[in-house]
1. A 21 angstrom limit on the alpha carbon distance is what I want to check against. Which of Lys62/Lys141; Lys106/Lys141; Lys160/Lys180 exceed it?
2. Can you give me the Cα centroid spacing of the range 87-158 and the range 57-75 in angstrom?
3. Going by how many other Cβ atoms sit within 10 Å of their own, how do Arg96, Arg31 line up, fewest first?
4. Would you kindly calculate the mean projected area, averaged across all directions, of the convex hull enclosing the Cα atoms of the chain, in square nanometres?
5. Among Phe129, Leu144, Asn82, whose Cα projects farthest towards the positive end of the dipole of the chain, with charges put on the beta-carbon of Lys, Arg (+1) and Asp, Glu (-1)?
6. Provide the convex hull volume over Cα atoms per residue for the range 123-185, in Å³.
7. What is the order of Trp24, Trp157, fewest Cβ neighbours within 10 Å to most?
8. Using amide H atoms built in the peptide plane, which far-off residues or other-chain residues are under 5 Å from Asn163 H to H?
Amino acid sequence: MDIIRQAEEYARNMYPERDIFHGWEHIEEVRRNVRKLADFFPECDFRNLDLAAVFHDIDYSKPEDHVSNSIRIAEEFLVSMNYEIGDIQKVKSIMRAHGSPESCKKENMLEGQMLYDADKMTRITPQGFVTLTLYCVVYMKMKLPEAVQYARKRVRWLHKSLNIGYSENIISDDYAELKKILRKL
């Protein structure tokens, strides 16, 4: 079995216990977005990018520490599989980049920008907006009207924070649909 399939199997079993917010569906959606972006960048290191996508949110037990916790789990798994040290470092850098626009710029790598965008694109959709709003209610303890307002602002900010022009093209229909819905709220 190749490293991607082994990582999928390992991660799919871990997500339910460590990431009730995102779940495996989020990972599949991020990976679909990564594949779409990779079509525009055949030079990217797709294997390591895909591994980073599999592990990027694997430990959301403490949202503020999810990037470092997820990197630790990915590294432990990859070391146990005797994955090349240089490739492990690249997976970790890609994962670090997905945390914020600042970390994305700091890592300064195409694959990191791709994962950042692929992850954020999942929130710039009608379903992503609902998930983000529920996250605000459950984890941030906001009342629903406050959560809706926060999610509106956050979605606009996420859209502006995308790094790659192709990302906007990929989600343009979903974002247009979301804007229609938000005008009605």
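1. As for pairs spanning more than 21 Å Cα to Cα, those are Lys106/Lys141.
2. 14
3. Working: Arg96 22, Arg31 19.
Least to most surrounded, the residues fall as Arg31, Arg96.
4. If you wrap the Cα atoms of the chain in a convex hull and average its projections, you get 10.2 nm².
5. Of Phe129, Leu144, Asn82, it is Leu144.
6. Numbers: hull volume 4.5 nm³, N = 63.
Enclosed volume per residue, from the Cα hull, is 71 Å³.
7. In increasing order of surrounding Cβ atoms, one gets Trp157, Trp24.
8. Asp117
Throughout, read-outs are computed from the coordinates displayed, never taken from laboratory work. No experiment lies behind these values; they were computed from the predicted model shown. As a convention, Cβ positions derive from the backbone with ideal geometry for all residues, glycine included, and neighbour counts pool all protein chains shown.
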